[in-house]
Each structure stands twice: as structure tokens, then as C-alpha cells.
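Structure first, then comments.
The values are calculated or read from the model by the stated rules, or taken from the named source; none is laboratory data. In this text, all values refer to a predicted model and were calculated from it rather than measured experimentally. Note that we place each Cβ from the backbone using ideal geometry, even for glycine, and neighbour counts take in every protein chain shown. Heavy atoms of the whole protein, side chains included, go into the accessibility calculation; ligands, DNA and RNA do not. Shrake-Rupley method; radii C 1.70, N 1.55, O 1.52, S 1.80 Å.
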Amino acid sequence: MSGLRKPSTRRKPIMSQTRQSETSAEPILAVRDVSKTYEGGFRALKHVDLTIRKGEIFALLGPNGAGKTTLISLVCGLAKLSEGTIHVDGHDVTRDFRKARAKIGLVPQELTTDAFETVWNTVSFSRGLFGRPKDPAVIERVLKSLTLWDKKDNKLRTLSGGMKRRVLIAKALAHEPEVLFLDEPTAGVDVALRREMWSVVGDLRETGVTVILTTHYIEEAEMMADRIGVISKGELILVEKKDELMRKLGHKELTIKLDKPLDAIPANLADYRLDLSEDRLSLTYSYDTTAERTGIASLMRLLAEDGVRFRDIVTKQSSLEEIFVGLVEDKK
Amino acid sequence: MNWHAVKAIYMFEINRAIRTIGQSIISPVLSTSLYFIVFGAAIGSRINEIDGVSYGAFIVPGLIMLQLLTQSISNAAFGIYFPRFAGTIYEVLSAPVSAVEIVLGFVGAAATKSIVIGLIILATATLFVDFQIAHPLWMLLFLVLTGFTFSLLGFIIGIWADGFEQLQLVPLLVVTPLTFLGGTFYSIDMLPEFWRDVSLFNPVLYLVSGFRWAFYESSDVSILVSLSMTLGFMAAAMAVIWWIFKTGWRVKP
Ligand SMILES: Nc1ncnc2c1ncn2[C@@H]1O[C@H](COP(=O)(O)OP(=O)(O)O)[C@@H](O)[C@H]1O
Ligand SMILES: [Mg+2]
């Protein structure tokens, strides 16, 4: 597989660059049938398949305990893979861990920093750790892009939470990775800082770095991502382009239970997307809750005109919506 | 080999040591000076020469070893335990580095620090007693091998420890007694035969003995036995560390 790869052209982050086309052949991340069972037997991930293209911004959306951090840990080598394979830009994360990990930058969920180090030293340390020679110009560019330049000589313990998060991002970018993992970049952060984080991700988009972030806020995934994967109880339930997902999300179903079986859907209802059940005793209408008109009122009127009588009306969220209601409840 | 990473970890640890240089040096130098005053001058004047070496000079190698062992273990244990405790270990574990590079960085730095302290104590000793070093190169070899071996042991302890108490426990409960009973302050020839035989099971005896031979050419066991035992401990510690990284014990869930 690696024989087919194009010679790797290391792209420098924090530099304006056109994004690679979404049809780029080589996925930057390929997760194949990955499962994770922790010691003690807890199965945190079940048969996860995921392909991320170069230059994408991907949001992994799921409630606490869904397995987001576990998936990132498996990619980055922080947890042992139980089943399946993971490739980063064609390199197996276990067999070829050096090449795979050299392409990855990780910003962990927790704000863990060495209190007594300076910003400059800790970011330079990260670059060396990832096997790159000293290059003050790169460190300077990274720090400036994250507006950390005037803090470069500050000790980390003197920085605010938002600044510490930026330092962690700078550390992750110091070796000029091609993929950046941001694990819950806005968890436990106030509104202003959250907006700031969104703009940082927006800037990263310009650099061509592939960004994979996790969140349990739908709005946040919507704000930042090109594509969204929904993970729940260790299963990747779906992966969709953001726009597609948002369209599906606004969907609801209205089921009309009829008095008598209906032979066919009346002609004047042809414009409605109606489904007649097999027993011909219920009609299902699916509609967009976000549209200006849902069409329910006129549907009812037309049914009355046709003399179709009904016993009951049930509305139901699409299965996707149910997942999200679950997400929202989890958040509370 | 990812030498940039080895250097990064090594320098990170050395810088941490330099930041706290005062306490790292004052405490071992002070306690060693006290040993010289109490054992060397006060009590030593009433003890005969051992193998033609004055008692004050006789304890010099043992005292250096005592500090070298405790320093190596506690430096290395703290060096790896603290990032585990603070969570910053994630970066090292996610970096393109192998176990060998991680160990070289952390253990190399801990060993460097304790060897430097050993040399400082050696310099301090010259203030209290007169002595010559018969084989300086052997002396350095034992200093380096022992510093590295016990830093490996400290690394293992730092990975195993669940809290700061455990970090102190092993040096306190194991290393200090073994050092005291390993011929630091006496020649095992001075012991009754039974205890002399028991002493031969004490690994520290071989280190102290070899180290003392490098100073005075007098030893409890032959220099080659000392050397091979030291190398044996080193190999055992390396095997344990190899197993730790292979299984991810305590570091990779
Ligand atoms: N080291 C571990 N040992 C055992 N179970 C774990 C470990 N880490 C995480 N888990 C469990 O795995 C599940 C997923 O955790 P995690 O990946 O952290 O979720 P998320 O990041 O989506 O909140 C949780 O139920 C968590 O308790
Ligand atoms: Mg998490």
C-alpha cells in the first residue's frame, strides 16, 4: 500500500494554502473494524469504521462515555487496540508507529501542562519529542498564529485556561503534523472562550491540516465541521456531511391512524410524501420541522374533504432525532 | 533512533534538576558530611584500620554508594511518576518514540544527576579524610553502571507507584537497609560467619565491594564477581522494563 503513496509533501501549518480536494485518493485516517475492550471486560468501542480525507474538519459527536476519547487514544497509541486496524496516511499505527505518529498532533481533553515550564520551552520540547530538528522559525509561526507570541516567556501556571488550551494546541502543531486531534476543545469553557476556540479551528482550516475534534454539543459540531460522525455507546451510528445531517435532523413523522382501510392514497394528496401502511390502516407523513410551513394543517383539511376519517394522530421524531434528544438529555 | 526525542526528554529532565539544584545537592552533601563527622571522626578514631585503610577512608566508597543508590532511585522514580500523576505523560506516549528512547531520556537524565551528586560527595569527602583512588577508571565505571542500574529500578518504581507514599516506600524500606547491611560501614569479614553468608545475598554488597576495590584494592568479593553481578542487575531491570512496555502495564489501558 505504501508503495503507491505519493512522496509525502509536508505541509506547513499556519500558512494560507488551498484545501485539498475532498476526493483525494489516500485517506489520512482509515479506521477498520476497530473494537476496544478495556481490562475488566468493558467494551468501549464496537466495530468502528471511519475514513477521514485529507484537509477535512471532522466532528465526532457523542455523549460522555460514548468512546470518543477511546477512539483517539487508539489512533495516537495511548491505548492498546483490541481488534481491527488503524492507518494514518497509509501507515499502520502499531507496526509502523513512528511514521504514523509523526503525522499526528494531539490536544488532550484535560488541560495537562508542566506548570514550571515556559511556553517557548514546552512547545520546543514537543517538536523535539516528535523527532524534528530545532526550528525557532516554526515555533515562532505557531505561537503567533495562536496569539501566544507575547506569552512565550511566561510560565504555564501563570496562564488562563483558554491560554493553556492554546499552548496545548501549539505543542500539538510544533512538529507540523498533518492531522490534529482536538478532544473536547470547548468542554468546561465559557461562551467567549468557546467562540475563540471556534475561530482557532477556522484558522486551522486555512492551513490545510486535517482536524478531528470531539464534542457533545450539536451546535458546535455544526459550527466547525465539514462532516459529522455520531458515536453512542461505542458504536459509530452514522457519518454524514454536515448539511445532510442537519437536514435529516429536522425531520419528524406524523402517523394518522385511520378508521377504515384505505384502498389508495387520494389523488389530491399526491403532493404530500405519504406512505400507506401494509394493513392500509395508517398514513405516514414525514415533514421538515424547520420549514416555514409543515403542511400539516392543509393535509388535515384535504383529508377531511376526501372524507377520510381517522381515530388518532401520532407524531414521532426520526430515529436520528431520538439519538440527539438522548445527547441533549445526557448533557443536562 | 529518534535522537531528537531522547535529547528533548533528557534535557527536559536535566533542566528540571537544574531548577532545583540547591535542594538536590545540599541534602546529600549535608548528610554525607554528618556521616563523616560521626562515623569517620568521632567513632572511627576508635576503630582499627581495615585492610590497611583508615576507617574514615574506608567508608568513603560506601557513603558515595548509599547516596548514589537513593538518588538514582528517587530521581528516576519521580521523573516518570510525576508526568503520570500530572497527565503530561500523554505526550511522550503519543510521540514517535520507542521504549528504548523513553528509557534513555528519563533514566539517562536521572543517572546523570545522581552520578554528578556522587562526584560532588567524593569531592566533599576529600575535605574530611585523606584517600587515594587506585583505579579511577574502574571507579567511574562502577559509578556509571550503578547509577544507571538503580535509575532503571527507580523508573520501574515510578511506573508501579500509585501515590507519592509508594514512591518513598521502596527507597526507605528496601534500599537504605540493604545499603547499611551491604558493607557500607564495615567489611563483612567483621561479621559472624552466618551473617556473612546472609550478606552474600544482598545485591548492594557487590556494588559497594567493587566500588571500594577501585579505591583501595581491598574488597569483600572479587572485582569480577562485583562487575558481573552489577551487569546482571542491570539486565534484570531492563528485562522488567521491556516487559512493562510490551504489555503496557500501568501506562496503556
Ligand atoms: N482506562 C479505562 N479502563 C476502563 N474503562 C475505561 C477506560 N477509559 C475509558 N473507559 C470507559 O470507556 C467508555 C468510553 O470512555 P471515553 O472514550 O472516555 O468516552 P468519551 O470520550 O466519549 O466521553 C466509558 O464508559 C469509560 O468509563
Ligand atoms: Mg472524552
Next on the checklist: Six or more apart or on different chains, Cβ atoms under 6 Å: show the pairs whose first residue is in the range B:64-87 and more than 12 Å from every other protein chain (Cβ to nearest Cβ) and whose second is in a helix (DSSP H, G or I) and open to solvent by 30 Å² or more (accessible area, probe 1.4 Å).
Outcome noted: B:I73/B:L153; B:N75/B:K113
Checklist entry - In the range A:77-123, what residues are of a type in the set (K, R) and either assigned to a loop (DSSP other than H, G, I, E, B) or open to solvent by less than 60 Å² (accessible area, probe 1.4 Å) (or both)? => result A:K80, A:R95, A:R101, A:K103
Checklist entry - Among B:S218, B:S226, B:S199, B:S209, which is the only one that is more than 20 Å from the chain's Cα centre (by Cα), among the small types (G, A, S) and open to solvent by less than 60 Å² (accessible area, probe 1.4 Å)? => result B:S218
Next on the checklist: Can you say whether B:T70 is hydroxyl-bearing (S, T, Y), open to solvent by 10 Å² or more (accessible area, probe 1.4 Å) and over 23 Å from B:L173 (Cα atoms), as far as the supplied structure shows?
Outcome noted: no
Item to check | Condition met for B:F194 (over 26 Å from B:L231 (Cβ atoms) and surrounded by fewer than 17 Cβ atoms within 10 Å (Cβ to Cβ)) | outcome: yes
Next on the checklist: So for the range B:23-33 (the condition being within 14 Å of another protein chain (Cβ to nearest Cβ), in contact with a helix residue (DSSP H, G or I) (Cβ under 6 Å, 6 or more places away or on another chain) and open to solvent by less than 40 Å² (accessible area, probe 1.4 Å)), does at least one residue qualify?
Outcome noted: no
Checklist entry - Regarding B:I43, is this residue part of a helix (DSSP H, G or I), without any contact (Cβ under 8 Å) to a residue 40 or more places away in the chain and open to solvent by 50 Å² or more (accessible area, probe 1.4 Å)? => result yes
Checklist outcome for this item: The residue that is surrounded by the most Cβ atoms within 10 Å (Cβ to Cβ), considering only those in the range B:47-67 that are more than 22 Å from B:S114 (Cβ to Cβ) and not small (G, A, S), is B:F58
Checklist outcome for this item: Flagged in the range B:209-251 as among the aromatic types (F, W, Y) and in contact (Cβ under 8 Å) with a residue 40 or more places away in the chain, in numbering order, are B:F211, B:W213, B:F215, B:Y216, B:F233, B:W242, B:F245, B:W249
Checklist outcome for this item: Per the filter on the range A:57-97, residues within 14 Å of chain B (Cβ to nearest Cβ) and within 16 Å of ligand 2 (Cβ to nearest atom) are A:G67, A:T69, A:T70, A:L71, A:I72, A:S73, A:L74, A:V75, A:C76, A:L78, A:A79
Checklist entry - Among the residues of the range B:1-15, which ones are farther than 15 Å from A:S124 by Cβ and surrounded by fewer than 20 Cβ atoms within 10 Å (Cβ to Cβ)? => result B:M1, B:W3
Next on the checklist: Within the range A:121-129, does at least one residue satisfy the condition of being β-branched (V, I, T) and touching a helix residue (DSSP H, G or I) at 6+ places or on another chain (Cβ under 7 Å)?
Outcome noted: yes
Checklist entry - Looking only at residues in the range B:107-119 that are open to solvent by less than 20 Å² (accessible area, probe 1.4 Å) and not hydroxyl-bearing (S, T, Y), which one is nearest to the other protein chains (Cβ to nearest Cβ)? => result B:A109
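Each row is one residue, and each column tells you yes or no for (1) modelled with pLDDT of 95 or more; (2) in contact with a Phe, Trp or Tyr (Cβ under 9 Å, 6 or more places away or on another chain).
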site: A:P13; (1), (2): no, no
site: A:E22; (1), (2): no, no
site: A:F42; (1), (2): yes, no
site: A:L61; (1), (2): no, yes
site: A:G65; (1), (2): no, no
site: A:K68; (1), (2): yes, no
site: A:G84; (1), (2): yes, no
site: A:H87; (1), (2): yes, no
site: A:F97; (1), (2): yes, no
